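Everything below concerns the one structure shown next.
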Amino acid sequence: MSQQTAGIHHITAFARDPQANVDFYAGILGLRLVKKTINFDAPEVYHLYFGNESGSPGTIITFFPAPGSSRGRIGGGQVGITSYVVPPGSLDFWEARLKRFGITIERATRFGEPYVQFSDNEGLRLELVEREAGEPSSWSWDGISADQAIKGFGGAVLYSVNPPSTMAALQRTLGLDKVGEDADYARFQAPGDIGNIIDVPLSRMEWGVGGAGTVHHIAWRAKDFDDHVRWQQFVMEQGYRPTQIIDRQYFNAIYFREGGGILFEIATDPPGFATDEQAERLGEKLMLPEWYEKHRSQIEANLQPIQVRVLEGESE
Ligand code: ZN
């Protein structure tokens with residue numbers, strides 16, 4: 001028996017300032033806030049989900065913005081860079097847009113592909129890459145057109161404390177194909193059209209420190225609930241220790257740590273984000289799981305109000 005993921009389902013990271021988080025991912029990057037809920041284990045902290053119009057698997061980045069939390073350090077055992085894919089010909093637009101918001105840009109190349117790299121307001125490393133693959137975005141924001149808008153994840157760069165072990169996990173457990181290797185990186189590909197290109201630096205990284213501005217985990221796609229049960233069994237057979245299946249309201253999840261220190265999750269494509277609110281109204285209301293509903297007024301009083309808003313940017 002073997003299993004193969006289509007690619008990234010979502011990436012979850014830490015932040016401190018909820019409004020600054022919304023301003024960066026919705027206001028500047030033009031993603032849709034598709035779900036506004038709370039950390040089910042800590043209801044005084046938001047859990048914010050940003051993605052494409054429907055929050056499709058492969059487009060979703062999620063944050064737990066905890067005011068006053070400590071800053072992390074990017075390093076081994078983490079997703080080092082989160083890659084977003086944009087339509088061909090749009091990198092210049094993005095470079096100009098990011099600069100208008102005072103964001104420092106670097107250019108990089110891996111496997112012949114040019115990347116625009118930058119950090120979010122908390123220090124999380126991000127990059128944009130042009131590719132043909134992936135549905136054009138149907139979410140319009142602040143004049144970003146469909147031939148410029150982010151389509152979802154291109155993939156990720158995984159910082160490993162044990163690269164051979166991480167690469168084995170990608171190939172043998174997740175079913176990715178190795179498609180390239182140069183002096184610095186190995187490249188792996190999953191069959192999905194987005195969230196499918198994973199690069200691993202060949203040299204061992206020093207351990208990072210979790211906290212604001214770092215990724216907590218990367219989740220990989222399972223087709224449905226039956227496939228998810230097979231994943232749990234398969235991950236166990238591969239010598240890892242997956243958690244029980246956990247209901248995350250918008251998907252089911254299992255977690256395990258691979259040998260290079262990175263926390264992996266396997267998450268189901270269904271049911272998705274339109275399960276507790278209408279597709280047209282996603283992200284507008286604070287959504288609470290049933291057991292918290294009776295504490296709604298108290299929970300809302302403990303959260304900083306946030307809003308999705310168009311930002312001014314600096315004048316040209
Ligand atoms: Zn997750």
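Computed from the coordinates by the stated procedures, all read-outs in this text should not be read as laboratory data. A quick note: this is a predicted structure, and the numbers were derived from the prediction, not measured. We place every Cβ from the backbone using ideal geometry, glycine too, and count neighbours over all the protein chains shown.
What ranking do 229, 161 get, fewest neighbouring Cβ atoms within 10 angstrom at the top?
229, 161
Charges only on Cβ, +1 for Lys and Arg, -1 for Asp and Glu: so what's the dipole of the chain about the Cα centre, in debye to the nearest 20?
Here the size comes out at about 640 debye.
Under a GNM of the chain (C-alpha, springs under 10 Å), which listed residue has the highest mean-square fluctuation: 24, 264, 40?
Looking only at 24, 264, 40, the biggest GNM fluctuation is shown by 40.
Kindly state, as a whole number, the per residue volume in cubic angstrom of the convex hull around the alpha carbon atoms of the range 20-75.
Value for the range 20-75: 114 Å³ per residue.
Within 10 Å of each residue's Cβ, count the other Cβ atoms and sort 84, 25 from fewest upward.
Placing the least packed residue first, the sequence is 84, 25.
Based on the Cβ-Cβ distance of residue 246 and residue 204, what FRET efficiency does E = 1/(1 + (r/R0)^6) give at R0 = 41 Å, to the nearest 0.05?
Efficiency for this residue pair is about 0.85.
Find the eigenvalues of the gyration tensor of the Cα atoms of the range 258-300, then list the square roots of 5 times those eigenvalues as equivalent ellipsoid semi-axes, largest first, in whole angstrom.
Values for the range 258-300, descending: 28, 17, 10 Å.
Which residue fluctuates the most in the chain, going by a Gaussian network model with Cα springs under 10 Å, if the choices are 103, 150, 254?
Largest GNM mean-square fluctuation: 103.
By its C-alpha gyration tensor, with a ≥ b ≥ c as the square roots of the eigenvalues, how is the range 193-285 shaped: rounded for a/c under 1.5, else prolate for a/b larger than b/c, else oblate?
It comes out oblate by the Cα gyration axes.
Determine the gain in length on full extension of the stretch residue 109-residue 296; use 0.36 nm per residue of separation and subtract their C-alpha separation, reporting nm with one decimal.
62.5 nm
Given 20 °C and 1.002 mPa s, how large is the Stokes-Einstein diffusion coefficient of the chain in µm²/s, with Rh as the Kirkwood radius over Cα pairs?
109
Could you check the spin-label model distance between residue 178 and residue 135? Points 7 Å from the Cα along Cα→Cβ, value in nm.
Here the modelled spin labels are 3.4 nm apart.
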